[in-house]
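See below for the structure under consideration.
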Amino acid sequence: KLHSDLDKGVGTVKYTLSGDGAGTVFTIDETTGDIHAIRSLDREEKPFYTLRAQAVDVDTKKPLEPESEFIIKVQDINDNEPKFLDGPYVASVPEMSPVGAYVLQVKATDADDPTYGNSARVVYSILQGQPYFSIDPKTGVIRTALPNMDREVKEQYQVLIQAKDMGGQLGGLAGTTTVNITLTDVNDNPPRFPKSIFHLKVPETSHVGSAIGRIRAVDPDFGKNAEIEYNIVPGDGGNLFDITTDEYTQEGVIKLKKPLDFETKKAYTFKVEASNLHLDHRFHSVGPFKDTATVKINVLDMDEPPVFSKPTYTMEVYEDTPVGTIIGAVTAQDLDAGSSSVRYFMDWKNDVDSYFTIDATEGTIATNELLDRESTAQYNFSIIASKVSNPLLTSKVNVIINVLDVNEFPPEISVPYETSVCENAKPGQVIQTITAADKDLSPAGQRFSFKLSSEASNKPNFTVHDYRNNTAGIETRRSGYSRRQQELYFLPVVIEDSSYPVQSSTNTLTIRVCRCDSDGTIQSCNVEAIFLPVGLSTGALIAILLCIVILLVIVVLYVALRRQKKKDTLMTSKEDIRDNVIHYDDEGGGEEDTQAFDIGALRNPKVIEDNKIRRDIKPDTLRFTRHRPPAEDNTDIRDFINQRLQENDVDPSAPPYDSLATYAYEGNGSVAESLSSIDSLTTEADQDYDYLSDWGPRFKILADMFGEESYNPDKVT
């Protein structure tokens, strides 16, 4: 209630209200100044309101007093229950934990005013989950309530937690949440074999390293606490086997470490121990975390291939061993109870295997060809053995044959030497050091000896000095050598080896005489250097050779031009420069030569039909008059020939010589008939060539050649 001292109660004062919630949450009676709440209030929504009030004169509307501010506080009541904002919860605790082991702390929040009454004082309790867990009523910490809780018995627990305000008193509001608690595993259980003896059957043909069986120990623990390591306890047969752990199934995989043989031993017995890898020292008092079982393995008899007595065979043979010589043998046996016979044969892979043969029954190896160590020093091939009773069962062994060296090659100079001696050399001067090489496989300590051949030892030019370390020096025996007298010296050197039998060879050294200075440095060994003292320098010799080459080139050009002139075309006519006769050097075989070409292509088909007489030879007795077809039948051909004659007479670009075109078929009714003498059926004496003069100036040469002596050229038009 608001009241002004100026208010006399006569209605002259008016009260106004402004600020938080004025008009919406709170209202004021303008006459009495009473303030009322017009709706419900929630402290959790707004705990207080700040308002301003003023007294105003009703008539003048002016304030009677200054504006005053006041605060309205909302008093809390217990209208909110505690809430677990983070629930539901998930927690874990190791199994076998002692009583009071910490699990989790929960927290509930109450929206009521914690400073007013007990509305916000929360107390925690367990509604579900006893007697396994407990909770602190004030802090909400959850702990274990029972000892030795075993994960293998029960792993999951669900605990229901309640939070109640008003200090847990009657009438307080409560909230709940769920806590899911899991017991985590610890290594509290040792591995155990489900049975004490495991029986396995293994074929004797099992390969080394292969898995022959599996055994398993059971561990109820989980994860790494259940990881098991298997070991074979040393004892009977344990050295033939090995065991490893399958990391996915935790099974023990037994593998074969050595080959089995039924004929040698039929059964093996050994013990296997299973133990945990990760131990927990808190549970050592429970006992040893391992278990032992017995494994019995029975070997099954199988039909096996033959077995060689050695894994590989190495033999030696001299390279000069005769063909068919036995150099060794291989042996294989059938170890099965039946003991079948064995046959041997070579595993043919290449041509090298043909150098040797093997006896199929005895297994002896002999040479099949002559061997050469220098060509092949070692042979490597395989021998296969098979059982007679079962040829499909085979085994293979590798055979190495080393070819031993025989001293068959003489030593020779290792490299070709270019030896020279100065003209001013002195006696005893070493001009070359030589070494030798032998194609044979030289044994350790083999020595080569050097000496001059018998025919050269008496000459006073050079000698050989053996240094006895497989080298020798070439020394001069006199002073002064002249290139003018002798440019080259050939020195035969005999080289012997120290093997048996002794081999020797004669090697010829070529020694060239050279011009040297006073210090022994070679200046020239060339042939032209011999002429230098005469007075001709190298430049003069080059100039002389150049002149000789130029003269030779001039002579060659002259001869070529002469030959070119002989090939020029000859002019045979002095009267008409356009008439040329082309000469050919190809001479035919005459009239009797009927094989060089087909003469039938030049024959007149009409004549062939009318007369079957050969036209390629001259008739002896027959005489025929020249046949002239009727003019009316030759009109087309005559017009064509006259047209071509007219075109060539007036054409300035026509060639200035007679052209002869030969046709296989000339047509019927030609005025001139055939121009070929081959097609003529009469002799030249009976022919009349007067008509050639009627053909114009282009046929003048032919008219002169075949016409009468009384032929008058002036009559030609």
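The values are calculated or read from the model by the stated rules, or taken from the named source; none is laboratory data. On a predicted model such as this, the values are computed, not experimentally measured, just so you know. Reconstructed Cβ throughout: ideal geometry from the backbone, glycine too, with neighbour counts over all protein chains shown. Accessible surface is based on the protein model in full, side chains and every heavy atom, while ligands, DNA and RNA are left aside. Shrake-Rupley method; radii C 1.70, N 1.55, O 1.52, S 1.80 Å.
Could you grab me the full set of residues in region 100-132 that are among the β-branched types (V, I, T) and either out of contact with any Lys or Arg (no Cβ under 8 Å at 6 or more places or on another chain) or not assigned by the TED database to the domain that holds D165 (or both)? Even if it seems obvious, please write down each step before you answer.
To start, the set of residues in region 100-132 that are among the β-branched types (V, I, T) comprises 103, 106, 109, 115, 122-123, 126.
Hits for region 100-132 are V106, T115, I126.
Show me the strands (runs of 3 or more DSSP E) entirely contained within region 255-350 in which 2 or more residues are closer than 30 Å to N148 by Cβ.
Working: elements: 267-276, 290-300, 312-318, 326-329, 342-346.
Of the strands (runs of 3 or more DSSP E) lying wholly inside region 255-350, those with at least 2 residues that are closer than 30 Å to N148 by Cβ span 267-276, 290-300.
Would you confirm whether or not region 103-121 contains a residue that is among the aromatic types (F, W, Y) and either buried (at least 18 other Cβ atoms within 10 Å of the Cβ) or outside any loop (DSSP other than H, G, I, E, B) (or both)? Even if it seems obvious, please write down each step before you answer.
Initially, region 103-121 is screened for residues among the aromatic types (F, W, Y), giving 116.
When the remaining residues are screened for being either buried (at least 18 other Cβ atoms within 10 Å of the Cβ) or outside any loop (DSSP other than H, G, I, E, B) (or both), the result is none.
No, region 103-121 has no match at all.
Those strands (runs of 3 or more DSSP E) of region 383-476 in which at least 1 residues are open to solvent by 50 Å² or more (accessible area, probe 1.4 Å) and either in contact with a helix residue (DSSP H, G or I) (Cβ under 6 Å, 6 or more places away or on another chain) or free of Cβ contacts under 8 Å to residues at least 60 places away in the same chain (or both), considering only elements entirely within it, cover 394-404, 430-437, 449-452, 462-466. Please verify whether T292 is of a type in the set (V, I, T), open to solvent by less than 70 Å² (accessible area, probe 1.4 Å), in contact (Cβ under 8 Å) with a residue 40 or more places away in the chain and outside the structural domain of E204 (by the TED database), treating the condition exactly as stated. Taking the combined requirement at face value, the residue does not satisfy it.
Failed condition for S40, given (1) assigned to a loop (DSSP other than H, G, I, E, B); (2) touching a Pro at 6+ places or on another chain (Cβ under 7 Å); (3) not assigned by the TED database to the domain that holds V141, with all others met? Just one mismatch for S40, condition (2).
With respect to T321, determine if the residue is more than 30 Å from V218 (Cβ to Cβ), assigned by the TED database to the domain that holds A385 and modelled with pLDDT of 90 or more. Walk me through how you get there before you give the answer.
Numbers: more than 30 Å from V218 (Cβ to Cβ): yes; assigned by the TED database to the domain that holds A385: yes; modelled with pLDDT of 90 or more: no.
Against the criterion (more than 30 Å from V218 (Cβ to Cβ), assigned by the TED database to the domain that holds A385 and modelled with pLDDT of 90 or more), T321 does not qualify.
Among the residues of region 372-381, are any in contact (Cβ under 8 Å) with a residue 40 or more places away in the chain, buried (at least 18 other Cβ atoms within 10 Å of the Cβ) and at negative phi? Looking for residues that are in contact (Cβ under 8 Å) with a residue 40 or more places away in the chain, buried (at least 18 other Cβ atoms within 10 Å of the Cβ) and at negative phi, one finds at least one in region 372-381, hence yes.
Looking only at region 534-568, filter to residues that are of a type outside the set (A, V, I, L, M) and open to solvent by 100 Å² or more (accessible area, probe 1.4 Å); which one of those is modelled with the lowest pLDDT? Out of the qualifying residues, it is K567.
Residues of region 351-371 that are out of contact with any helix residue (DSSP H, G or I) (no Cβ under 7 Å at 6 or more places or on another chain) and open to solvent by 30 Å² or more (accessible area, probe 1.4 Å): D351, V352, S354, Y355, T357, I358, D359, A360, T361, E362, T364, L370.
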